[in-house]
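Contents: one structure, followed by commentary.
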2 protein chains.
Amino acid sequence: MGIIERKEREKEQRRNDILDAAEKVFFKVGFENATMDEVAEMAELSKGTLYLYFSSKEDLYYAISIRALQVLRQLFEKTVPAGAPVLDKIIAIGKAFVQFAREKSDYFKTLVYFSSLPDCHEAIDRYEKLCEEKADPMSFFIQVLQQGIDEGKLRSDIPALQLAHILWTQTTGILNLAATKNIHFDLKDCSEDDLINNHIEIIKNGILKKG
Amino acid sequence: MGIIERKEREKEQRRNDILDAAEKVFFKVGFENATMDEVAEMAELSKGTLYLYFSSKEDLYYAISIRALQVLRQLFEKTVPAGAPVLDKIIAIGKAFVQFAREKSDYFKTLVYFSSLPDCHEAIDRYEKLCEEKADPMSFFIQVLQQGIDEGKLRSDIPALQLAHILWTQTTGILNLAATKNIHFDLKDCSEDDLINNHIEIIKNGILKKG
DNA sequence: TTTAATATATGACTGTTGGTCAAATTTTGG
DNA sequence: CCAAAATTTGACCAACAGTCATATATTAAA
């Protein structure tokens with residue numbers, strides 16, 4: 001009697017198919033310009049079906065944001081060697097974040113927009129679930145920072161949680177700036193790498209243990 | 001024959017009236033939920049008239065963003081003493097920014113959202129004009145940083161322009177985080193001030209001249 | 001003052017699109 | 001094979017951004 005389980009799997013599969021289609025459409029024409037009819041056509045389903053799996057267009061967007069978080073987390077897992085010295089780990093996380101912003105720029109932009117939105121985190125069970133299970137990228141980062149503090153490599157007067165959020169938002173801002181620097185015409189002729197390296201240069205001494 | 005001038009003034013006045021109305025509506029119910037009919041009603045004009053002054057709903061939003069930039073710039077002018085030591089000036093700018101994010105939170109949010117948007121800066125004559133005239137807050141900041149570099153108070157290996165953008169995005173990110181920290185439930189029990197002060201603590205040594 | 005020309009304002013109308021739901025189709029269990 | 005349950009469909013609706021022919025107000029000339 002594995003029918004219920006199979007149905008469960010099929011439902012999850014459908015959900016993923018819809019998300020695949022939505023990603024294609026959203027990333028191609030942008031969230032605002034995309035229509036639910038287009039997504040339905042791409043998914044080879046009727047529009048009504050979409051609403052059986054997602055309560056709204058926004059809900060679809062949020063679900064893609066969750067995916068983005070999962071992808072980033074996986075990149076961390078893959079890239080950051082578990083046994084390495086903690087400072088190397090931190091560097092690896094930074095590099096992975098840069099790589100994510102470059103190679104998965106659609107996902108990155110999704111996250112930037114996601115976090116600029118007011119009241120979006122709530123109402124997403126899956127996001128809360130992700131956080132509770134510590135399966136989000138931020139939790140990973142916090143753990144490594146805590147390790148750094150415990151080992152006396154990082155300053156200990158700022159709690160890991162706060163440190164993580166501060167560095168995270170700072171870095172997200174810079175990566176977004178680097179990605180959109182062509183908009184700021186006065187920044188056109190400095191490289192992304194310059195921006196990122198200078199950013200690191202500025203905060204580096206701010207987080208290390210003195211002496 | 002001051003008729004043309006008067007008409008010019010009246011047009012600008014109308015434009016401002018519409019913006020006032022749009023601000024009220026947008027800030028009250030949010031940009032997405034607001035309708036052009038509501039704005040028209042608030043402005044005591046017909047919807048058609050709005051479109052004589054602004055090409056779209058987005059255009060209205062952008063115009064409000066420009067206002068936000070002007071307000072912030074004026075706050076800088078008012079708050080930052082021209083003759084003060086340059087490091088004091090920088091601190092004053094930081095404080096003014098914090099004040100802006102707190103007391104003019106609607107404008108602040110407008111700017112955050114504005115800069116997270118792809119391709120929005122172009123197509124706005126008034127924004128480019130503001131930048132060209134160095135009447136935007138960023139230009140003000142750059143000038144002060146340049147002064148700091150020239151006087152040997154700040155590190156000189158990072159150009160003022162880049163330094164400004166880096167600090168700007170970092171700080172915007174933190175202020176936004178502080179403003180929305182209630183969303184990140186794990187941050188609920190640390191104060192905004194903590195976040196901001198720790199942020200400053202981290203970058204402080206990174207921008208000062210060594211020694 | 002009258003009038004023609006120009007500038008400005010109006011609101012009914014349209015096309016698009018997010019979201020709904022009664023009916024149709026498929027699947028399940030007896 | 002059939003009825004009950006689950007799933008899918010697409011015609012339909014309401015809301016809303018944006019348009020435009022018409023109306024009103026203003027200006028400059030006669």
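The values are calculated or read from the model by the stated rules, or taken from the named source; none is laboratory data. Treat the numbers as computed from the prediction; the structure is a model and nothing was measured. Neighbour counts are summed over all protein chains in view; Cβ atoms, including those assigned to glycine, are modelled from backbone coordinates with ideal geometry.
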Within the stretch B:15-29, is there a residue that is within 14 Å of chain A (Cβ to nearest Cβ), within 15 Å of the chain's Cα centre (by Cα) and away from DNA strand C (no atom under 13 Å from the Cβ)? no
For the structure I just gave you, tell me whether B:Glu151 is among the charged types (D, E, K, R) and either under 26 Å from A:Arg155 (Cβ atoms) or not assigned by TED's automatic domain parsing to the domain that holds B:Lys89 (or both). no
Could you check how many residues of the stretch B:177-211 are within 8 Å of chain A (Cβ to nearest Cβ) and at pLDDT 90 or above? 4
Just give me the residues in the stretch A:41-73 being touching a Ser or Thr at 6+ places or on another chain (Cβ under 6 Å) and either within 13 Å of DNA strand C (Cβ to nearest atom) or of a type in the set (Ser, Thr, Tyr) (or both), in sequence order. A:Ser65
Check the stretch A:130-141 and report whether any residue there is surrounded by 21 or more Cβ atoms within 10 Å (Cβ to Cβ) and without any contact (Cβ under 8 Å) to a residue 60 or more places away in the chain. no
